[in-house]
Amino acid sequence: MNVVATFTVTFTQILNEQGDLIQPLPDFAKDAETLIMLYRQMHMLRALDARAVIMQRTGKMGTYPSALGQEAVSIGMGAAMHKDDIFVPYYRDQGAMMQRGVTPTEILNYWGGDERASNFITPEAKEDFPICICISTQLLHAAGVAYALSLRGEKRAVVTGCGDGGTSEGDFYESINFAGAQRLPIVYVINNNQWAISVPRNKQTSTQTLAQKAFAGGFEGIQVDGNDVIAVRHVVEQALEKARKGGGPTLIEAITYRLCDHTTVDDASRYVDKPDLDKAWELEPFKRFYAYLEKEGLWDAQKEKALQEECSARMAEAAQACIHTAPAQPTDIIDYMYETLPASYQYQRDELSTAKLPEGH
Amino acid sequence: MNVVATFTVTFTQILNEQGDLIQPLPDFAKDAETLIMLYRQMHMLRALDARAVIMQRTGKMGTYPSALGQEAVSIGMGAAMHKDDIFVPYYRDQGAMMQRGVTPTEILNYWGGDERASNFITPEAKEDFPICICISTQLLHAAGVAYALSLRGEKRAVVTGCGDGGTSEGDFYESINFAGAQRLPIVYVINNNQWAISVPRNKQTSTQTLAQKAFAGGFEGIQVDGNDVIAVRHVVEQALEKARKGGGPTLIEAITYRLCDHTTVDDASRYVDKPDLDKAWELEPFKRFYAYLEKEGLWDAQKEKALQEECSARMAEAAQACIHTAPAQPTDIIDYMYETLPASYQYQRDELSTAKLPEGH
Amino acid sequence: MPTITLAEAITQALAYEMTADNNVIVLGEDIAKNGGVFRTTVGLLEKFGEKRVIDTPLAESMIAGISIGMAAQGLKPVAEFQFMGFIYPAFDQIISHAARMRNRTRGRLSCPLVFRAPYGGGIHAPEHHSESTEALFAHIPGLRVVIPSSPARAYGLLLAAIRNPDPVLFLEPKRIYRMVKQDVPDDGQALPLDKCFVLREGNDVTLVTWGASTRETLIAADTLEQEGVSVEVIDVATIKPLDMETILNSVEKTRRCVIIHEAARTCGLGAEIAAQLAEHGLMSLLAPVQRVTGYDTVMPYLKLEKIYIPSVERILKSVQSIMEYA
Amino acid sequence: MPTITLAEAITQALAYEMTADNNVIVLGEDIAKNGGVFRTTVGLLEKFGEKRVIDTPLAESMIAGISIGMAAQGLKPVAEFQFMGFIYPAFDQIISHAARMRNRTRGRLSCPLVFRAPYGGGIHAPEHHSESTEALFAHIPGLRVVIPSSPARAYGLLLAAIRNPDPVLFLEPKRIYRMVKQDVPDDGQALPLDKCFVLREGNDVTLVTWGASTRETLIAADTLEQEGVSVEVIDVATIKPLDMETILNSVEKTRRCVIIHEAARTCGLGAEIAAQLAEHGLMSLLAPVQRVTGYDTVMPYLKLEKIYIPSVERILKSVQSIMEYA
Ligand SMILES: Cc1ncc(C[n+]2csc(CCOP(=O)(O)OP(=O)(O)O)c2C)c(N)n1
Ligand SMILES: Cc1ncc(C[n+]2csc(CCOP(=O)(O)OP(=O)(O)O)c2C)c(N)n1
Ligand SMILES: [Mg+2]
Ligand SMILES: [Mg+2]
C-alpha cells in the first residue's frame, strides 16, 4: 500500500473578525481609495437588498434573494475581475453584477418580473450571463464560455459561482471536470453561506471542506474567509491571473453566513437557531472592515452615515425607476423565442397583439 | 494561509506482474481452494466472453461487451461479496454477475436481446439489479438500495461500479455525495480500463487518480491493481466489512486495461496504439496468477488445459441453451409496463396478441 | 371537521399513509425541517423521524435515482421536486429507469414510488417556477401522471398514487393550493387512478381540462350557462393513462369540445385528446375541436404571466365560436 | 460523382460548413479520433484539429451546457449525443437554457447550435439505443426539431440547421443511415427548415410520416397504388415548427389521413397533427384520422423490436380501413 497522491486545502484570511491584519496586505489593499471603493460597493449592495425587501413587502416586487452577510463574497469577486473577463452569475450575485455595470434598476426589474432586465444596457456587461435560476446549470455555460475564450487564444477569464447547496448538483461536477480536463481559464467561487434554503451545509455533503471538491476536477481548491473582502478579492485575483496565463481553473470556497431569509418568501426562523445566527452576526463583513478602515484613519462615523444615506438614496431612486418602467408588450413574450418567428406561430402572435395588459400596469 | 485539510490516495498490489508476492497474503488467499476458485471463475468469464464474441460474429448475438483483460476486477469484486449483499452492476460486470448466480445463458440471452434474462432465475440474485446501459445511472439506484438497508438496520452492503468514463457523469458524483452524506453501506468499484470507447482516461479528466474523486463525496478513495485478483478481492472485502459496520462508503479505483474492442461493434485498432496494447498484455491478470499458483505447486499446464476445456464446454452449452430459448410472446412487450395493464391500452395488447413473431424465431 | 386546502389535503394524505404503511418515506429538498417550501410536508419530520422524512442534498437526478433504489427494495418513496421546473435534471432517471424497471426485469423489480411536484404558473414566482410540461411525461410508457384539482381529489388521488405498484408523477397545481377549502375526511379512501371526473353536466359543449385551469373553466361554464349554453366540464385528473371513454361519451352527447390547458399548445396533452376525438369521435363532432392553451413560448416572468395563462375570456370566446356550428 | 449514404451526407455537410465558417465546431463522445460510433464525423479531426473537433468527457448535461456557453460566445457548436437514449441527462440544459437564452435576455445572448443524435430503432442494438422521443422536444418552445429521411435532405437540412440562429435538435434516423445512396452535390445549398416535403402525390389518402418510417410508408404507398388507391406521402422533416399548411392542403384534397410514426402513440407528434386536422380540417375529413405508431411501451430489445416498429402491413391495414369511408 503506497501513497500515490496527496492533496491539501488551505484557508486564507487577511483581516480577522476584530479588523486586525493577520497577513500582509496584498498590493491593491495598500491603496486607500481602492479600499474605500470596496466598502462603498458593499454598502451599495446592502442598500439594494434592503430596498428590494421593502419593495417586496409592499407588493412592488417578486421573490427576492438578499445577500445579507455575504457582501464580501460578491464584492470581492466582482472587484477582482477585469472588465473584459466574463461573469456567469448565480442568483445571489447581484453585488458583482452591479460592479460589472448592471444597474440596480435592472436588478430590481428582473426580480420584479421583467425579462427586459437581462438585456443589460451597459455595454461592458454585454457578454455576461443573466441571472440563472436553475441551480448550478450556469457552471456549464461558464465552462463553455471559457472554452471559447481559450479557443480564440484570448487572455480573458471567466468567473462563475454557486452556493454551498449548488455543489451537490451533477452539473457542478461535470463543469469542474471538463474545466480541469481542458485547463480552462475559469474561477469558481462558492458562496458557502451555510444554508441551502433550510438545509444546512453538513447535510449537503460530508466533506470536510467544499474546496476539496475541486480535487475531483483535477485542480486546486482553496478556502477563503468570505467575510473578509480583502482576502476574497485577493484570492480571486490570483486565481484569475493564473487562469489568464493558462494555469487552468481554481475553485474558491468563500466561507460566510446567510444572515437573511433565503428569499423574501422564506422564513429562516423555522430552521436557523438564534444563537448560531447571533454568532454569525459577529463575523459579518462590514464590522471588521469598518474597524480596520477606522484604525487606518480612513473612515469614521460621519462618513459612514453619509455613505449609508447616499446608498439608500441611490436605491430609492432605482426603486422609483423600476416602478416607473414602461410596461412590456404582450407580444414580447413570443417575439424573442426565435430570431424570426416561424410562420406557424404567427396566429399566436396576432392573438397576443390584441391581448390586454394585466391590471397593475 | 493555513492548511486545513489533507488527503492521500494509496495504491495496493499484492501479486506483481511476475507473480511475486510483494505484500503479505490476506487470510482468504492462504486457502488453496479459494485461490483456485478465483482462477476458475476468471477462466469462466474469459470463456463466456469468447463464446459471446463468436456468437456475435455468426449473427447469433447482439452487441456484446467483453471484459477481456479486466477479469480480476469483476471476479475479485464478486468474490468479496456476501451472498446477501446486493449487487448493482454496470454492463461489463458479467463476471461478478455469474458469481452472484446469474447463469451464463441469462447473460447471453440478455445481450441476445431478451428482456426475460433480467428476471434472474437464481433466488440468490433476486435483489440484484439488472445490467444498466445508461452510464452511471445505476450508481444512484445503488445508493437508494444502501439507504433501504441502512433504514432497516440490516448488516448488508451494496457493491456497484462503473468504468473510468462513467466517473465523468453527474450521476456518479451525486451518488457518492449522497452516500457520503448518509454514510451508506456501499462500495464503488471503478473499472479503470483506460478507455471509454475511444476516449482515453486522460481526456476524461485531469485528475491524477480516479480514486481521489471520492474526496468530493467526503470519504476514502483508494487505488488497487486491477490485474491482481487477490488485491482486488482484499480491498473490496475490507471496504465491505467497513460498510457493514457503519463505517460508510469506499471508492476503489481498480487499474487495468481493456484488451478488447469496446464492444463487438467497435474497432479499437482505430484508436489504441499497438505498443500500448502489447505492454498491457504483459500486465494482464491470468499470467501472474498462473505463475503464482504454479510456484505454489497448485497449478500446472495440464490442469490449465483441462480447465480451459471445461470452461469452453460449459459456455458452448450455455450458447446452445441461449439459441434454443423459446421465443418470447409479442404481448410480453406490453404486459410488464405496468403491474396491471391500464384499460386504455388493452386494444394495443389485443393488436399485439395477433402479431406474428419476426423471422428468425 | 375543519375544512382544508389542497395543500393541506396533501399533507393529510401523506401522514395517513405513513402511519398506515411503514414502508412509505418522503424525501426531497427542504421537505423535513422546513416542511416544504409550500408547507405540504409540515409536521411529518416530527411524527416520523429523520430516517423516513429526508432532507436530501440539492440534486434532482439523485432524488429520483435513489428513490428507484429504495423502491426496488420495497420502500415506497414519495419524493418531492421543489418545483416542476427543477424536475428535468431527473428526467433520465424517471423515464429511463423508474418507468422501465418492471418491464426491464419482467416484473422482478418494480418502482412503487411517487414523484410529487408543484406545477403551473400564476403565483408570481421567478422563472422556472411556473412550468406545465405534463405532456412530456404523458408520452412516457410505464408512468402514470395524476393532477388533482380539489382538496378531496388531492387526498384521494395521492393515496391511490402511493398505493399504486408503479411510478406515479403527481403534479400539484400550486396556483390553487390554497384557493378553496373543503371537508376532506381523513378516512384513507383512495380515488380511482383511471377515471376522469365530470365536474358538471351539460348538453351543448364539453370542456375538458385539469389542474388549475379547472377554476377558469368552471367560471366560464357558469357564464355560458347564463347565456343559455349547457356545459359539461370534465377534470381529466389522471392524464396518463387517459380515460377517453368518459370524454368520448360526453362529446357524443354534446357534439362539441374545447380542451383547456395551461401548457404550451404544440404537443400538449390537448393534442392527444383532440387526436382521439378525430379518430374515435369524428362522426359525432359538429364543430372543430378547439384548444385554449398557453402559447408556444415559455411562461413569462410575473409581470406578463396572466397574459399567458388561459383566461375565462379566451375560453368563452372559443366556446362561442364553436356554438355557431349546428 | 459518387453517390453517398445519409450518414455520409451528414459528414459532408459538417465538413462543408466547418470549412466555410470557422466558428463551427463539433463535439461529443467519440466523435474525434474515432469519427463517431456511426462514423458520421470521420475525417473532421484530421481536417480541423482537436480544438474544433472535441472528444468530450462522458457527460451529456455537460455536452449541452458547454455548447450553450460556446454558442453565447458566437461559436456554432454542433454537439453529438451518441444515441437519442442518452440525451435525457441533457434535457434540462436543452429545454431550460438552450431553448430560452434568447428569450431570457430579450435577444442579447442566443444559442446558434445544433444537437445531433442518431434516433429510432431497428438496428439490433441494446436497450436505450432505439429511442424515438421527438415529441418531447416538439413540445418545447424555442427549439427546432429536424429529421431528415434521405441523403440529400440530410445534407441540406443539416446545413440549414447549423446556419440557423437558434438551437436545432437534429435527429438522424439511424436505421436508414446506409440504406439508400444518392447523388448529393457538395454545393453548400441548404434546404428550408419550415417546409414538409411531398415525396409522392396522390388523391385518395395522405400518409404523413418522417424519419425511418418514410421507408415503410413509401413501400405501402406502392402497394396501395397497385390496388388502385392513389396515395400522397408527406415527409414532415421539420417537426417543429410544423408546416401544417402543406398537410392541410393535402388532406383537403385527399380527405383521408393516416399518420405513421415509430414513437409511442400517446402524445406523440401524430397527436398534434391529428389535433390540427380536427381543428382546421374537420370539414374536409371523410374518415377518422388514424395513427399507425409504436405501442405505448418501450422499444423492446432486439428479439422483438420488429413487432414494435410500424410495419408495411399495419400501414396497409389502416389505409384499407379508412378507404371504406366515402
Ligand atoms: C435545479 C434547482 N433545484 C432547486 C431549486 C430551488 N432552490 C432555489 S435556491 C435553493 C437553495 C440553494 O442553496 P445554495 O446553493 O446554498 O445557494 P444560496 O441560496 O444559499 O445562496 C433551492 C433548493 C432551483 N432553483 N434549481
Ligand atoms: C449515458 C450514456 N451515455 C453514453 C453511452 C454510450 N456509451 C456506452 S459505453 C461508453 C463508454 C464507457 O466507458 P467506461 O465508463 O470507461 O466503461 P467501459 O466501457 O470502458 O467499461 C459510452 C460512451 C451510454 N451507454 N450511456
Ligand atoms: Mg447556501
Ligand atoms: Mg473504461
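Readers should treat all values here as calculations from the given coordinates under stated rules, not as data from a laboratory. These numbers were taken from a predicted model, which means no experiment stands behind them. In this analysis, Cβ positions are derived from the backbone assuming ideal geometry, glycine residues included, and neighbour counts consider all displayed protein chains.
Some observations on this one:
- Dipole-positive endmost among B:P26, A:V53, A:A125 within the protein assembly as shown (Cβ charges, Cα centre): B:P26
- Label-point spacing for C:G74 across the identical copies (point 7 Å from Cα in the Cβ direction), in nm and ascending order: 6.3.
- FRET efficiency, 1/(1 + (r/R0)^6) with R0 30 Å, evaluated for D:K317 and C:A326 via beta carbons: 0.25
- Cα-Cα over 28 Å, subset of A:K30/A:K213; A:K155/D:K240; A:K83/D:K51; B:K155/C:K47: A:K30/A:K213; A:K155/D:K240
- Fluctuation leader among A:Y347, A:Y90, A:Y290 - chain A, Gaussian network, Cα springs under 10 angstrom: A:Y347
- Annotation: the residues B:S269, D:S213, sorted from fewest to most other C-beta atoms within 10 Å of their own C-beta, follow the order B:S269, D:S213.
- Chain B Cβ-axis minimum, rotational copy A, residue and distance in Å: B:G170, 1
- The dipole here belongs to the protein assembly as shown: it is taken about the Cα centre, uses +1 on the Cβ of Lys and Arg and -1 on the Cβ of Asp and Glu, and is about 380 debye.
- Estimated dipole of chain C in Debye, rounded to 20 [Cβ of Lys and Arg +1, of Asp and Glu -1, Cα centre]: 640 debye
- Summary for B:M1: label point 7 Å along Cα→Cβ; distances to the equivalent points in the other copies, ascending, 3.2 nm.
- The C-alpha atoms of chain D define a longest principal axis, and helix D:60-72 lies at about 70 degrees to it.
- When B:R100, A:R183 are arranged by Cβ crowding within 10 Å, least crowded first, meaning fewest neighbours, the order is A:R183, B:R100.
- Most mobile of B:L341, B:L35, B:L151 in a GNM of chain B (Cα contacts under 10 Å): B:L341
- Among the residues of C:31-38, the average count of other protein chain beta-carbon atoms within 10 Å of the residue beta-carbon is 4.
- Rounded to whole numbers, the Karplus 3J(HN,Hα) couplings from phi for the range B:219-230 are 8, 5, x, 9, 9, 9, 5, x, 9, 10, 5, 5 Hz, using 6.51 cos²θ - 1.76 cosθ + 1.60 with θ = phi - 60°, and x at Gly and Pro.
- Among the trypsin sites (Lys or Arg not before Pro) found in the range A:270-361, those both in a DSSP coil and sparsely packed, with 15 or fewer other Cβ atoms within 10 Å of their Cβ, are A:K356.
- If you wrap the tightest convex hull around every Cα atom of the range A:265-310 and split its volume per residue, you get 99 Å³.
- Acute angle (nearest 10 degrees) that the helix C:6-20 long axis makes with the longest principal axis of chain C, alpha-carbon atoms: 40 degrees
- Sequence ranges B:14-23, C:117-126, ranked by mean other-Cβ count within 10 angstrom, highest first: C:117-126, B:14-23
- Restricting the range D:291-326 to chymotrypsin sites (Phe, Trp or Tyr not before Pro) that sit in a DSSP loop and have at most 15 other Cβ atoms within 10 Å of their own Cβ leaves D:Y325.
- Set of lysines near D:K253 by C-alpha distance (under 22 Å), chain-local residues within fewer than 8 positions excluded: D:K195, D:K317
- Taking a straight Cα-Cα cut-off under 21 Å and skipping sequence neighbours fewer than 8 places away in the same chain, the lysines within cross-link reach of B:K279 are B:K203, B:K287.
- What the Kirkwood sum gives for the protein assembly as shown is a hydrodynamic radius of 32.3 Å, with every pair of different alpha carbons counted.
- Taking other C-beta atoms within 10 Å as the exposure proxy, B:Y336, D:Y155 rank B:Y336, D:Y155 from fewest upward.
- Positive end of the dipole of chain B (Cβ unit charges, origin at the Cα centre): among B:L184, B:F289, B:L357, the Cα lying farthest that way belongs to B:L184.
- According to the Cα-based calculation, Rg over Rh for chain B is 0.99, with Rh computed by the Kirkwood formula.
- Look at the dipole of the range D:197-323 built from charges on Cβ: of D:A278, D:T297, D:G228, the Cα furthest out on the positive end belongs to D:T297.
- Chain B - mean residue ellipticity at 222 nm from DSSP helices (-39,500 (n - 2.57) per run, n ≥ 4, rounded to 500): -13000 deg cm²/dmol
- Amide hydrogen neighbours beyond the local backbone of C:T238, cut-off 5 Å, H modeled: C:I147, C:K195
- Average beta carbon contacts from partner chains per residue of D:286-297, 10 Å cutoff: 6
- Label point of B:R270 (7 Å along Cα→beta-carbon): distances to the other copies' equivalent points are 5.4 nm, sorted ascending.
- Number of partner chain Cβ atoms within 10 Å, mean per residue of A:324-336: 5
- For the range A:13-73, the Cβ-based charge dipole about the Cα centre amounts to some 500 debye (Lys, Arg positive; Asp, Glu negative; other atoms uncharged).
- Sites listed here are GluC sites (Glu not before Pro) in the range A:262-361 whose DSSP assignment is loop and whose Cβ has at most 14 other Cβ atoms within 10 Å: A:E296, A:E339, A:E359.
- Principal axes of chain C: Cα extent on each, largest first, Å: 61, 44, 38
- Model label sites at B:D273 and B:Q18, defined 7 Å from Cα along the beta-carbon direction, differ in position by 2.7 nm.
- Within the shell defined by Cβ-Cβ distances under 15 Å, the residues around C:A135 carry a net charge of -2, with Lys and Arg each +1 and Asp and Glu each -1.
- Here B:K305 is the anchor, and the aspartates and glutamates within straight C-alpha reach of less than 16 Å, apart from those fewer than 8 places off in the same chain, are B:E294.
- Computed E for D:N203/D:E50 - FRET, C-beta separation, R0 56 angstrom, nearest 0.05: 0.55
- Residue with peak Gaussian network fluctuation, chain A [Cα springs, cutoff 10 Å], from A:Y147, A:Y271, A:Y91: A:Y271
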